[in-house]
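First comes the structure, then the notes that go with it.
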Amino acid sequence: MEPIVFSHYSVLLNECIDALNIRDGYTYVDCTTGGGGHSLEIAKRLGKNSRLICFDRDSDAIEAASRRLADYKDKITFVHANFSSLGEVLDNMGIDNLGGVLADLGCSSYQFDTPSRGFSYQHNAPLDMRMDKDAPLDAAKVVNTYSEEALKRILWMYGEEKFAPRIAARIVSEREKAPIQTTEELVAIIRSAIPASAREGGHHPAKRTFQAIRIEVNGELDAIEPTVRAAVSHLLPGGRCAFISFQSLEDRIVKETYRDLIGGCTCPKDFPVCVCGHKPQIEILTKKPILPGAAELAVNPRSRSAKLRVAEKK
């Protein structure tokens, strides 16, 4: 069997490595290993007393990254799991020297560009969209079993699709005739539900719907806040967390969680002394997110929506 070729451009690579401020004697985590690009650059900078933990819920990514990082295997532990389990994994491994956590949120290019995975509206494939191929929920189940109200809700919440009611109603109508089984069938249904005037120019008419279903299938947004909090709670003072988001919903969660973690005393203002004991946990190092530069965008246009936010543990 041919080895998996996991192609993935490492977004904001130099900016991420600089943000982590890698030092000897610490453990670092790449929450979304993907093709191993970020992990490789972290591994190159590890001192003799440092380690790297590489998470990914996609077994293809773990396999590909294991080969790419083979020269550093003595310093790396691979974890085939959702990064939402970060805190539990760190506790089980007894990690008490965490120096940095990186997460590149969203899908990898490999997942989008591999037709059989069913992520893309540009390839015909079975409706799947699972990052973890063993997960019980796939896109076909969402499309064929969710109520019209539930479909409308996720299309609006996760895709910010203004035609969510029309698309949800059309999906339900069409699946009563026969199950919707492929990405091509779903794209045709979406097209038919959107007014012709709204299909001209701009984004592909299925873009927002596919995004919403993918997020639902993988529980992507639900994992972000607990992961940020787990990272911060386990970091040693001076350790850093760096989160790359690709759409406004992800970025908002990262930004708001950081903002909550910089909050201090919550006692009423008329209390003479603090009794709550709350202290700021982090300092935000990126008042505005770091964005890709022109050189990176020329090489990888998919980077255009990336935003990097960095915080340091107090």
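Please note which helices (runs of 4 or more DSSP H) are completely contained in the stretch 86-149 and include at least 3 residues that are closer than 30 Å to Leu46 by Cα and either open to solvent by less than 20 Å² (accessible area, probe 1.4 Å) or out of contact with any Gly (no Cβ under 6 Å at 6 or more places or on another chain) (or both).
On the way: elements: 86-93, 109-113, 139-145.
Counting at least 3 such residues, we get 86-93, 109-113.
Anything in the stretch 16-43 that is of a type in the set (Val, Ile, Thr) and open to solvent by less than 10 Å² (accessible area, probe 1.4 Å)? List them, or say none. Before the answer, list the steps.
Step one: list which residues in the stretch 16-43 are of a type in the set (Val, Ile, Thr), which gives 17, 22, 27, 29, 32-33, 42.
Once the filter is applied, which keeps residues that are of a type in the set (Val, Ile, Thr) and open to solvent by less than 10 Å² (accessible area, probe 1.4 Å), the stretch 16-43 yields Thr27, Val29, Thr33, Ile42.
Applying the selection to the stretch 174-202, what residues are under 17 Å from Ala140 (Cβ atoms) and assigned to a helix (DSSP H, G or I)? Show your work before the answer.
Step one: filter the stretch 174-202 for residues under 17 Å from Ala140 (Cβ atoms), giving 174-190.
Within the stretch 174-202, Glu174, Arg175, Thr183, Glu184, Glu185, Leu186, Val187, Ala188, Ile189, Ile190 meet the criteria.
Give all pairs with beta carbons closer than 8 Å in which a residue from the stretch 253-282 that is of a type in the set (S, T, N, Q) and at pLDDT 80 or above meets a residue that is surrounded by 12 or more Cβ atoms within 10 Å (Cβ to Cβ) and part of a helix (DSSP H, G or I); count only pairs at least 6 apart in sequence or on separate chains.
Listed by first residue and then by second, the contacts come to Thr257/Ile224; Thr257/Glu225; Thr257/Val228; Thr257/Arg229; Gln281/Val232; Gln281/Ser233; Gln281/Leu261.
Condition check ((1) surrounded by fewer than 18 Cβ atoms within 10 Å (Cβ to Cβ); (2) of a type in the set (A, V, I, L, M)) across all residues:
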{"site": "Leu151", "(1), (2)": "no, yes"}
{"site": "Leu155", "(1), (2)": "no, yes"}
{"site": "Phe163", "(1), (2)": "no, no"}
{"site": "Ala168", "(1), (2)": "no, yes"}
{"site": "Glu174", "(1), (2)": "no, no"}
{"site": "Lys177", "(1), (2)": "yes, no"}
{"site": "Gln181", "(1), (2)": "yes, no"}
{"site": "Ala188", "(1), (2)": "yes, yes"}
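Examine the stretch 44-56 for a residue that is part of a loop (DSSP other than H, G, I, E, B), basic (Lys, Arg), open to solvent by 10 Å² or more (accessible area, probe 1.4 Å) and free of Cβ contacts under 8 Å to residues at least 60 places away in the same chain, and state whether such a residue exists. Show your work before the answer.
So in the stretch 44-56, the residues part of a loop (DSSP other than H, G, I, E, B) come out as 45-50.
Retained after the next criterion (residues that are basic (Lys, Arg)): 45, 48.
Among the residues that remain, those that are also open to solvent by 10 Å² or more (accessible area, probe 1.4 Å) are: 45, 48.
Within this subset, residues satisfying the condition of being free of Cβ contacts under 8 Å to residues at least 60 places away in the same chain are 45, 48.
Scanning the stretch 44-56, I find at least one residue that is part of a loop (DSSP other than H, G, I, E, B), basic (Lys, Arg), open to solvent by 10 Å² or more (accessible area, probe 1.4 Å) and free of Cβ contacts under 8 Å to residues at least 60 places away in the same chain, so the answer is yes.
Please go through the stretch 283-313 and pick out each residue that is among the charged types (D, E, K, R), closer than 30 Å to Thr266 by Cβ and without any contact (Cβ under 8 Å) to a residue 60 or more places away in the chain.
Going through the stretch 283-313, the residues among the charged types (D, E, K, R) turn out to be 283, 287-288, 296, 302, 304, 307, 309, 312-313.
Checking the rest, the ones that are also closer than 30 Å to Thr266 by Cβ come to 283, 287-288, 307, 309, 312-313.
Passing the criteria: Glu283, Lys287, Lys288.
Which residue pairs have Cβ atoms closer than 8 Å, lie 6 or more positions apart in sequence or on different chains, and pair a first residue in the stretch 192-209 that is within 20 Å of His123 (Cα to Cα) with a second residue that is assigned to a loop (DSSP other than H, G, I, E, B) and β-branched (Val, Ile, Thr)?
Between residues of the stretch 192-209 that are within 20 Å of His123 (Cα to Cα) and residues that are assigned to a loop (DSSP other than H, G, I, E, B) and β-branched (Val, Ile, Thr), the close pairs are Pro205/Ile194.
The values are calculated or read from the model by the stated rules, or taken from the named source; none is laboratory data. For clarity, every value in this text was computed on a predicted model and none was experimentally measured. Here Cβ is always computed from backbone atoms with ideal geometry, including for glycine, and neighbour counts include all displayed protein chains. Keep in mind that these areas ignore ligands, DNA and RNA; they rest on the heavy atoms of the full protein, side chains included. Shrake-Rupley method; radii C 1.70, N 1.55, O 1.52, S 1.80 Å.
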